[in-house]
Amino acid sequence: MGGSAPRRDERRSAESAGFVGRRAELLGGRQLLARSRLVTLTGPGGVGKTRLALHLADRIHRTFPDGIHFVHLSGLDDPALVPLAAADALGLHGHTDRPPPDALTEQVGERHLLLVLDDCEHLVTACAELTAALLHGTPNTRVLATSRHRLGLTGEHLLELRPLPVPDADGDLSDADRHPALALFADRAAAVLPGFRLTQANRAAVARLCRSLDGLPLAIELAAGRLRDVGLDRLADGRLHSLRATIDRSHRLCTEQERLTWARASVLAGAFDLETAEAVCADGVRLRRGEVLEAVSGLVDKSVLIREATAGGVRYRLLDTLRHYGLDRLRALPEEEAATRRRHRDRTQRQADTGEHACDTTTRRRADRDSLRTAPDLGLTPRESEVAELVAQGLANQQIAERLVIARRTAEGHVERILGKLGLSNRSQLAAWVTARR
Ligand SMILES: Nc1ncnc2c1ncn2[C@@H]1O[C@H](COP(=O)(O)OP(=O)(O)OP(=O)(O)O)[C@@H](O)[C@H]1O
Ligand SMILES: [Mg+2]
């Protein structure tokens, strides 16, 4: 997933799905952002960095008259696309001849805005370069990054996020509000077992469970998702330790259809709708189209998929850690991965051909764009991406050659290769494809 514009929907859903604890971190984050232009939330996978960034953004949006803009990087693999994803999130698309970070800096100018670079760890260098360019080249931009590792820039302030505090074995459990880990478990448990709440009778078992999960929010959510199948006592007494083991156990509890859906949907970064899930996950043999909805609902119950109701309809999303787990499973079977990516590419192309994105609502386009970013265009080199963009602007090969100061034959070669890589047959399909990704 790449960039996306400010996410009011996302901010609201962050609210509605029961945010717990983190008072000190919210305050700390707010104070750090008031006095520093670069704050990085660090911590292990699943600890709640993204969630805290969303919540913090919700609290401080008035401080930034030109908005808070999220750049979701988890699905992006190519460092060269980081500035483009940021431009996308900021709604800046004007073409200039300057290299991307400089062009961005120029366009941001004096705006008072906060750029949130979410999930930077796999693109730390590119994120650091972009951040340095913005901080040096503009007077009023601030950056909030979430990353398992620091960006390593001078002036970077770190806010280290630890797992949620868990009660001591012999601690007082009467006030669950003082134990956000327990509150989180209860909130998610109520989603799978309506009516579930913390009681005198179950508190000790929930506390034991949260302790065994080291207070890691993602692990707590996954455990809650298994409550209906396993029961609280067995959950609490089980030897649940590493996150990987927790995810393995969630995976084992899935039906065959759910496992296939999990693995195959992991090629989709960002939010996707049911139709996309059906097109990408169903192969008509091991998983039929009509079975995908049930599998998706099962994965929502198990907290593997997040369900978001947006203005553009219901969307689903795999958390990053779980998406990588799914990708590992998919990659274990190379032909399975190739077939899934082929279905994804076909879906992307059909959407481009029918202009589905162009006539859709903005909200939906934005969410789809996230998943289109992981479409199998990742084989495009930065130069090819640039050429594709110029084709979409309607430039002929000769004009592209002049613009990029290359030979016409070279421009033709680029266009041929791009069409080949994307499986498209002509320039207008390519233009539609590029437009759909904006
Ligand atoms: N304070 C919280 N209240 C409620 N839910 C939370 C909280 N913190 C985290 N969660 C939930 O735990 C899960 C993992 O959180 P999140 O995705 O923010 O982790 P992360 O640190 O960004 O992980 P990664 O390094 O993989 O990006 C999410 O489903 C999130 O909603
Ligand atoms: Mg994250």
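Going by the structure shown, is Glu258 of a type outside the set (A, V, I, L, M, F, W, C) and surrounded by 18 or more Cβ atoms within 10 Å (Cβ to Cβ)?
yes
Quick check on my filter: what residues within segment 206-257 are of a type in the set (Ser, Thr, Tyr), modelled with pLDDT under 85 and farther than 19 Å from Leu173 by Cα?
The answer is Ser242, Thr246, Ser250.
Just name the residue that is farthest from Val20 (Cα to Cα) out of those in segment 49-59 that are open to solvent by 20 Å² or more (accessible area, probe 1.4 Å) and within 6 Å of ligand 1 (Cβ to nearest atom). Reasoning before the result, please.
Narrowing segment 49-59 to residues open to solvent by 20 Å² or more (accessible area, probe 1.4 Å): 50-51, 58-59.
Those left that are additionally within 6 Å of ligand 1 (Cβ to nearest atom): 50-51.
On the way: Thr50: 14, Arg51: 10 Å.
Here the answer is Thr50.
Looking for whichever is assigned to a helix (DSSP H, G or I), within 16 Å of ligand 2 (Cβ to nearest atom) and either of a type in the set (S, T, N, Q) or free of Cβ contacts under 8 Å to residues at least 60 places away in the same chain (or both) here; the options are His55, His61. Which one fits?
None of the other options fit; the residue is His55.
Out of all the residues in segment 34-42, is one or more within 16 Å of ligand 2 (Cβ to nearest atom), under 23 Å from Gln107 (Cα atoms) and open to solvent by less than 20 Å² (accessible area, probe 1.4 Å)?
yes
What helices (runs of 4 or more DSSP H), lying completely within segment 166-241, carry at least 3 residues that are outside the structural domain of Val20 (by TED's automatic domain parsing) and open to solvent by less than 30 Å² (accessible area, probe 1.4 Å)?
In segment 166-241, the matching helices (runs of 4 or more DSSP H) lie at 180-192, 203-212, 217-225, 232-237.
Take the conditions without any contact (Cβ under 8 Å) to a residue 12 or more places away in the chain, over 27 Å from Ala431 (Cβ atoms) and more than 19 Å from the chain's Cα centre (by Cα) and apply them to Val285. Does it pass?
yes
Give me the residue from segment 302-347 that is of a type in the set (Val, Ile, Thr) and either crowded, with 16+ Cβ neighbours inside 10 Å or assigned to a loop (DSSP other than H, G, I, E, B) (or both) and, out of that set, farthest from the chain's Cα centre (by Cα).
Thr340
Just one of the numbered conditions (1) under 25 Å from Gly109 (Cβ atoms); (2) away from ligand 1 (no atom under 14 Å from the Cβ) is not true of Arg30; which one?
Status for Arg30: all satisfied but (1).
Name the residue that is nearest to ligand 1 (Cβ to nearest atom), counting only residues in segment 138-154 that are open to solvent by 50 Å² or more (accessible area, probe 1.4 Å) and either in contact (Cβ under 8 Å) with a residue 40 or more places away in the chain or assigned to a helix (DSSP H, G or I) (or both).
It comes out as Arg148.
Taking segment 116-137 as the region of interest, how many residues are open to solvent by less than 10 Å² (accessible area, probe 1.4 Å) and either of a type outside the set (A, V, I, L, M, F, W, C) or away from ligand 2 (no atom under 16 Å from the Cβ) (or both)?
4
Could you tell me whether any residue of segment 170-180 is away from ligand 1 (no atom under 14 Å from the Cβ) and on the phi > 0 side of the Ramachandran plot? Full working, then the answer.
Within segment 170-180, the first condition is being away from ligand 1 (no atom under 14 Å from the Cβ), and the residues that meet it are 170-175, 178.
From what's left, on the phi > 0 side of the Ramachandran plot: none.
No, because not a single residue in segment 170-180 is away from ligand 1 (no atom under 14 Å from the Cβ) and on the phi > 0 side of the Ramachandran plot.
The values are calculated or read from the model by the stated rules, or taken from the named source; none is laboratory data. Just so we're clear, the structure is a prediction, and the values are computed from it rather than from any experiment. Quick reminder, even Gly has a Cβ in these numbers, built from the backbone with ideal geometry, and neighbours come from all protein chains shown. Ligands, DNA and RNA are stripped out before the accessible areas are found, and what is left, the full protein with its side chains, is counted by its heavy atoms. Shrake-Rupley method; radii C 1.70, N 1.55, O 1.52, S 1.80 Å.
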